[in-house]
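Have a look at the structure below before the remarks.
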Amino acid sequence: MASSFVAYRLPKQSELYYNSSEAIILENIIDIEESHFVVVPFDNKSGWPIFAFDCKATRQISPNEWKNLLLNFDAQPVDIYQASPEEHHQQVNQIIEEIEKGELNKVVLSRVQSKERKDKSLKQIFTQLCEKYPNAFVYLTQLPNGQIWSGASPETLAKYEESKFETMALAGTKTLDNENAVDLVWEVKEQEEQVWVQNYIKAVLKSQELEYSQSETYSSVA
């Protein structure tokens, strides 16, 4: 079993956080009672466990300390199926047919692409993500099963503070260029994408009979 750790940087902050304690393995996320950094499989039928790092063992480190930090990477290969261009086009055509029949409204079709890391270290990649995406949550983690994950996400899944729960419907993207976010003009397509996510969140809240308030729609710099 590989040694585990997590490093992350919160949105719009410069501080780095590091936790080298061994991740605990859980069967259900509701078993967590205190603050943890949690890695949850997208598909609960995948057979992957839930990994969690106790935030009480997390410490703040300086960029210079991060630069000199020795990390023992023990990456294990991940068996991921990569669709050929022909298969990808076939899937797109199938989705178009389903949309035209009215079975689906919005679909996001993902495709795996492999890239050579060349001479960049994983620590360098994490640092570059922090520099390029100041408004995102940036992380690098090695899990006990040997898998290494890193990314930058501008989307807040949930924020809980002073008995107040907040989430966001973030959808629709366009290049900012030299414009200000408040001056962006969104096409109907992008507006509809945001409304679909917004309506889904409201439907979930209503299904749980939860009262909520909704802000005006605004542009967010990712």
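The values are calculated or read from the model by the stated rules, or taken from the named source; none is laboratory data. Keep in mind the model is a prediction, meaning the values are calculated, not measured. Positions of Cβ are backbone-derived with ideal geometry, glycine not excepted, and every protein chain shown enters the neighbour counts. For accessibility, only protein heavy atoms count, side chains too; no ligands or nucleic acids. Shrake-Rupley method; radii C 1.70, N 1.55, O 1.52, S 1.80 Å.
The table below lists the values:
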| quantity | calculated |
| --- | --- |
| Cβ-based charge dipole, segment 111-222, positive-most Cα from Ala181, Leu129, Ser219 | Leu129 |
| The chain - percent relative contact order, Cα under 8 Å, separation 6 or more | 22 percent |
| Contour excess over end-to-end distance, with Cα ends at Gln128 and Ile25 and 0.36 nm allotted per residue | 34.1 nm |
| Trypsin sites (Lys or Arg not before Pro) restricted to segment 131-194 and DSSP loop, no more than 14 other C-beta within 10 Å | Lys174 |
| Protein-only accessible surface order, largest first, of Val197, Val182 at 1.4 Å | Val182, Val197 |
| Under 30 Å from Lys101, Cα to Cα: lysines that are on another chain or at least 8 residues apart | Lys45, Lys174, Lys189, Lys202, Lys206 |
| Highest-fluctuation residue, Tyr17, Tyr133, Tyr81 considered, GNM on the chain with Cα pairs under 10 Å | Tyr81 |
| Label of the coordinate-derived value, volume of the Cα convex hull per residue in Å³, listed as (1) 129; (2) 209; (3) 195 | (3) |
| Protein accessible area in segment 36-120, 1.4 Å probe - carbon and sulfur % | 48 percent |
| Derived scalar couplings ³J(HN,Hα) [segment 208-219; Karplus, 6.51 cos²θ - 1.76 cosθ + 1.60; whole Hz; x for Gly, Pro] | 9, 6, 9, 7, 8, 10, 10, 7, 5, 6, 9, 8 |
| Qualifying lysines (Cα of each under 16 Å from Cα of Lys132; at least 8 residues distant if same chain) | Lys12, Lys120, Lys123 |
| Heavy-atom surface of the chain, accessible at 1.4 Å and reported per residue (Å²) | 76 Å² |
| Neighbour cut-off at most 12 other Cβ (10 Å), DSSP loop, GluC sites (Glu not before Pro), segment 137-183 | Glu162, Glu179 |
| Local electrostatic count, Asn145, Cβ distance below 14 Å [Lys/Arg +1, Asp/Glu -1] | -3 |
| Cα-based equivalent ellipsoid of segment 100-207: semi-axis lengths in Å, sorted from largest, via gyration tensor | 30, 20, 19 |
| Ile99 - accessible surface, heavy atoms, 1.4 Å probe, Å² rounded to 10 | 70 Å² |
